[in-house]
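Since the structure comes first, as structure tokens, the remarks are kept for the end.
No value in this document is a laboratory result; all are computed from the given coordinates. Just so we're clear, the structure is a prediction, and the values are computed from it rather than from any experiment. Note that we place each Cβ from the backbone using ideal geometry, even for glycine, and neighbour counts take in every protein chain shown.
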């Protein structure tokens, strides 16, 4: 890739090729290409998101952060990609030990996408890491009660939701 800003058609082609490479197992080459494309298109949220993802799947979490942040600061992500970027960044903050940042971001993300159980699950993990064990357990118990297909869990849903509000309560 040269240092010339690609046309919209070339941008789409280059992005598609890099994403296909990542999906096909060429993760390092995809990362290299997406980083180069992101350097040429620094405000492109979709390119930044794909670059973040490419770094993340290789365990390069610290390098993924600025790409995630750029993606979320920009416009143009689909709802699914925005949700993915929020989850990716929140999880990455947590992996890097930035627990408070993870909680703040994932709380906002869970409010924005309240139907997304994965966001709430990662929020529960970050809450646990900050010492907010009751909040973490409450969130997970409510998620379990509302999403489980297990008949025995479904039978006790009301009780689980009740006790999730105060795990220390008796009766």
With a Förster radius of 25 Å, plug the Cβ-Cβ distance of residue 29 and residue 4 into 1/(1 + (r/R0)^6) and report the FRET value to the nearest 0.05.
0.75
Distribution output for the range 1-76: share of Cα-Cα pairs per 5 Å bin in percent, first bin at 0, values 3, 19, 30, 26, 17, 5, 0
Given an 8 Å cut-off on Cα distances and at least 6 residues of separation, report the relative contact order of the range 78-171 as a percent.
19
Using only the C-alpha atoms of the chain, find the volume of their convex hull and express it per residue in Å³.
122
With an 8 Å cut-off on Cα pairs and a minimum separation of 6 or more residues, tell me the relative contact order of the range 1-56 in percent.
34
Based on the alpha-carbon gyration tensor of the range 66-113 and its eigenvalue square roots a ≥ b ≥ c, which shape applies: rounded if a/c is under 1.5, prolate if not and a/b is larger than b/c, or oblate?
oblate
In terms of the alpha carbon gyration tensor, root eigenvalues a ≥ b ≥ c, rounded if a/c is under 1.5 and otherwise prolate when a/b exceeds b/c or oblate, the range 60-140 is oblate
Within the range 46-90: backbone nitrogen closer than 20 Å to the residue 12 label point (7 Å, Cα to C-beta)
46-51, 75-82
Within the set 73, 62, 35, GNM on the chain using Cα springs under 10 Å gives the largest fluctuation to 73
From DSSP H assignment alone, runs of 4+ in the chain each adding -39500 (n - 2.57), the sum over residues rounded to the nearest 500 puts [θ] at 222 nm at -23500 deg cm²/dmol
Could you grab the relative contact order for the chain? Cα pairs under 8 Å, six or more apart, rounded to a whole percent.
12
Need the full-extension length gain, residue 146 to residue 132, defined as separation in residues times 0.36 nm minus the C-alpha distance. One decimal, nm.
2.9 nm
For the pair residue 100 and residue 79, how long in nm is the line joining their label points, each one 7 Å along Cα→Cβ?
3.3
